[in-house]
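*Asks:* Got a structure here, written out as structure tokens. Questions coming.
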Amino acid sequence: MYIWLSPRRSFHSKIKRTVRYGIWMHGIRAIAALGLLLWIVLLPQSLLATGNSCVPPLTNTDIKKICDILLSEPKNSISTATVDIEARLTDLLKIGLHRKLAEARGCYRLSGAEIRLYIEGEDTVGLDHYRKIGDTSDSQNIQVLSCQDRRQVSGEKRYVDVSVQLFWRPIPADPPALKVKKPHIAVGEATEITAQLLCGPCGMPSETIYFHSGSGGDISPRRVVTDQQGLAHSVFTLRQEKTVKISARHKKKHKEIIIEPQWRPWHIKVNIYFQARDTGYRSKAEFQGNFENFLLGKIANNAMAGIKSGKLLGYPLDFLQMHTPIKTVGSLKGWEKHLVNECWEQLDFNRQTAANLLIGLKFHSGAPESKGMTATVQVSPVLLFTGNAGQYYFGLNQYHNICDDETITEPTAISLDLVQNRQLIFYNFKVENCAGKYQWRYEFKFKPE
């Protein structure tokens, strides 16, 4: 309650003075109300922008404005103004704010605040408002904002004391915010890496950021001190055609991003040779095909990621395909003989036929092959019509078991390292069935374009 004590005056003098006083007070109230409005409405809008910029939740300038308002506020509305100001301060000083304090190193969290608004006049019963917000038990990092002032207001001397104490606690900074200028680069190309260390909306200067890159590229410098905005810059150069993980670390916190190469195509030439010598059947044939625009690097990268993840352990299939089959049309030529009524009947062929190229991982005892990938070509069968002799077909696929004995395979895997370094690769393997009666030999030439 705010009480004002007035001396006695004559009736007519009192009427005249009351009229003049009413007009004067109306102007004063309008000006004071406008000042209060500017502080309560306009100033907090700038303070509420702290989510986008590093602005203190409250400054000594703000406290001085509160003193000015309380010193100039009319007597009959000063109690209401005090309550409004106290409520607005409480709203601004919500606990949990993260800030980089001007005179301290590190990041801090607002854990509590104490607000006191004290007003006293010569002929006045003073106001003394006190409010506590949050936890104020930690006295290690207290920020004190205050204002004391005296002023002659409406014929009396008024004294105002405004004090706000902010209680901050040190906390770890946020994980570094990591950005890459170009997330897709070619082998040999470089891109800028930027890490920003923030304490809430505030950049943290003079802190050390450590950059690291996985195998497949180089990053330099690795140790960078942040500037006034909390920014640290480095440069990454891609050396292999593979995805590379980049990390930025500050103390125990880190952030990661992935840089992918610009996958470049490969040209693959395939030759398959087949021969058979069995009872009632003999054959010799060759397939030649070319597969264009084959993203072998991406396939190798997916294979490597699958191996490292451990998710492929115990996979039930013998062969895990790493991509959609690549289709082409190649030439298939040769001959085969069939024993018909004790006479050999030879069928010659030389025609174009469809083929699919598959590349994936081989599995051994439920674990994927970690050194490389294997390939297989499925060639569509060639149908042969021989009139009274009936219909025959010829096809090439090393996974077709003609007899029950064990298939003997001597493969050489497609090296993942050679793929990621974009080197010319020759890949060959041979398959035998039925104690050598049926033989396949596969030759692959992988050439980066």
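No value in this document is a laboratory result; all are computed from the given coordinates. Nothing here was measured: the structure is a model prediction, and the numbers come from that model. A quick note on method: Cβ atoms are made from the backbone with ideal geometry, for glycine too, and the neighbour counts reach across all protein chains shown.
*Asks:* With the Cα gyration tensor of the stretch 309-360 giving a ≥ b ≥ c as the square roots of its eigenvalues, does the rule (a/c under 1.5 for rounded; else a/b larger than b/c for prolate; else oblate) give rounded, prolate or oblate?
*Replies:* Note, shape of the stretch 309-360 comes out oblate.
*Asks:* Would you mind putting 242-251, 270-279, 362-371 in packing order, based on average other-beta-carbon counts within 10 Å, highest first?
*Replies:* Values: 242-251: 19.5, 270-279: 16.8, 362-371: 13.6.
For the peptides 242-251, 270-279, 362-371, the packing ranking is 242-251, 270-279, 362-371.
*Asks:* How long is the gain from L383 to Y281 if the chain were fully straight, where each residue apart is worth 0.36 nm and the alpha carbon distance is subtracted?
*Replies:* Values: separation 102, 0.36 × 102 = 36.72 nm, distance 1.63 nm.
Extra length available between L383 and Y281 comes to 35.1 nm.
*Asks:* If you average the C-alpha positions of the stretch 281-323 and of the stretch 86-129 separately, how far apart do those two centres end up, in angstrom?
*Replies:* 67 Å
*Asks:* Between H129 and F349, how many nm apart are label points set 7 Å from Cα along the C-beta direction?
*Replies:* 9.6 nm
*Asks:* Something else now. Taking the Cβ of I185 as the center, what net charge do the other residues with Cβ under 15 Å away carry, scoring Lys and Arg +1 and Asp and Glu -1? Intermediate results must be reported in sequence, preceding the final value.
*Replies:* Details: positive: K179, K181, K182, R239, K242, K245, R264, K298, R422; negative: E189, E192, D218, E241, E260.
For residues surrounding I185, the net value is +4.
*Asks:* If packing is taken as the mean number of other Cβ atoms within 10 Å per residue, what is the order of 334-343, 66-75, 141-150, highest first?
*Replies:* Details: 334-343: 13.2, 66-75: 20.9, 141-150: 15.0.
Going from most to least packed, we get 66-75, 141-150, 334-343.
*Asks:* Taking 7 Å along the Cα-to-C-beta vector as the label spot, tell me the E256-S77 distance in nanometres, rounded to one decimal.
*Replies:* For the pair E256/S77, the computed spacing is 6.1 nm.
*Asks:* Against the globular-protein guess of 2.2 N^0.38 Å, express the Cα radius of gyration of the stretch 127-266 as a ratio, rounded to two decimals. Display every interim value, and only then the final one.
*Replies:* Working: Rg = 25.1 Å, N = 140, 2.2 N^0.38 = 14.4 Å.
Cα Rg divided by the expected 2.2 N^0.38 Å: 1.74.
*Asks:* So what is the diffusion coefficient of the stretch 52-171 in µm² per second by Stokes-Einstein at 25 °C and 0.890 mPa s, using a Kirkwood Rh over Cα pairs? Please report the intermediate quantities before stating the final value.
*Replies:* Working: Rh = 15.2 Å.
The Stokes-Einstein estimate is 161 µm²/s.
*Asks:* Continuing with the same structure: Only Cα pairs under 8 Å and at least 6 apart count here; give the relative contact order of the stretch 56-149 as a rounded whole percent.
*Replies:* Details: 95 pairs, mean separation 26.5, N = 94.
Taking the mean separation of contacting Cα pairs over the length of the stretch 56-149, I get 28 percent.
*Asks:* To continue, here is another question. State which entries of K252/K311; K181/K371; K308/K437; K245/K371 exceed 30 angstrom in Cα-Cα distance in the structure shown. Provide the component values of the computation, followed by the final result.
*Replies:* Numbers: K252/K311 28 Å; K181/K371 33 Å; K308/K437 40 Å; K245/K371 21 Å.
In this structure, K181/K371; K308/K437 exceed 30 Å between Cα atoms.
*Asks:* Let me ask something else. Taking the simple approach of a point 7 Å from Cα along Cα-to-Cβ for both K371 and K337, what is their distance in nm?
*Replies:* 4.0 nm
*Asks:* P(r) for the stretch 266-448, please, calculated from all Cα pair distances in 5 Å bins and given in %.
*Replies:* 1, 7, 15, 18, 18, 15, 11, 7, 4, 3, 1, 0
*Asks:* Please compute the length gained on full extension between L317 and R239, using 0.36 nm multiplied by the number of residues separating them and subtracting their Cα-Cα distance.
*Replies:* In short, 24.7 nm is gained.
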